[in-house]
């Protein structure tokens, strides 16, 4: 509850992918932005934030089409490539 | 072959089938590892909330379950040492914690978690966003956010494994 993940992630040098739906109300997008800021302020370039416009917490778009599998494939492909 | 460690989100459903489907798309490239939450079985749809789940489902228990299995796999030389971690929502937090304490994680992907705010900071915001979506006015939104902050203070003062605070549909225990 009071654990700030960014404090430990910023010490890592491994490639990090962060996928965030812009309409996610369960995990507010501001949290991913703050994580990105922490990395930028520390001069780290190993974090990649990808925002998915119009997607909610389960990566469903505003026309009720779910994209979760695509996002998972996107994320895993990215870490395997880097 | 690297080990792909998958971490599911919160709740007492399994969701493993969905992850297995995703992992199968990479079956030529990785071996997959996913550990169910305690007392949750493969393909569980979250129809029944068990006492064992309520008593044991904490983030640190989940982390230790993963670490115990990774130790066992290493001992048996069943997988290559290099691993990558992937998780969504609460599983994103778990994947990040695992990457932070398990030195052989060489890549991390987090989805729908954020990571910059503490859960205790994100939950009131989330509650406010939900109320706005339901059409609540700004006073009702602020009242709702304050109620969540009160709940969080209550949890901090009386943290206990056996008390749940988030309703029976998505139980958290501290």
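The values are calculated or read from the model by the stated rules, or taken from the named source; none is laboratory data. Just so you know, these numbers come straight off a predicted model, no measurement behind them. Cβ placement follows ideal geometry from the backbone for every residue including glycine, while neighbour counts extend to all protein chains displayed.
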Legend entry - Filtered residues of the stretch B:145-160 (kept if at pLDDT 90 or above and either touching a helix residue (DSSP H, G or I) at 6+ places or on another chain (Cβ under 9 Å) or within 13 Å of another protein chain (Cβ to nearest Cβ) (or both)): B:145, B:146, B:147, B:148, B:149
Inset, instruction - Confirm whether residue B:73 is away from chain A (no Cβ under 11 Å), surrounded by 12 or more Cβ atoms within 10 Å (Cβ to Cβ) and part of a strand (DSSP E or B). - result: no
Inset, instruction - Please state which one of B:99, B:109 is within 7 Å of another protein chain (Cβ to nearest Cβ), part of a strand (DSSP E or B) and in contact with a strand residue (DSSP E or B) (Cβ under 8 Å, 6 or more places away or on another chain). - result: B:109
Legend entry - Test result for residue B:18, touching a residue at least 60 places away in the same chain (Cβ under 8 Å), within 14 Å of chain A (Cβ to nearest Cβ) and not in a strand (DSSP E or B): no
Inset, instruction - Considering only residues that are exposed (fewer than 15 other Cβ atoms within 10 Å of the Cβ) and either under 28 Å from residue B:156 (Cα atoms) or under 11 Å from the mean Cα position of the chain (by Cα) (or both), look in the stretch A:9-29 and name the one that is farthest from the other protein chains (Cβ to nearest Cβ). - result: A:22
Inset, instruction - Determine, yes or no, whether residue B:114 is at pLDDT 90 or above, touching a strand residue (DSSP E or B) at 6+ places or on another chain (Cβ under 6 Å) and under 22 Å from residue A:13 (Cα atoms). - result: no
Inset, instruction - Please specify each residue of the stretch A:31-50 satisfying the condition of being closer than 23 Å to residue B:125 by Cα and surrounded by 15 or more Cβ atoms within 10 Å (Cβ to Cβ). - result: A:31, A:32, A:33, A:34, A:35, A:36, A:38, A:39, A:49, A:50
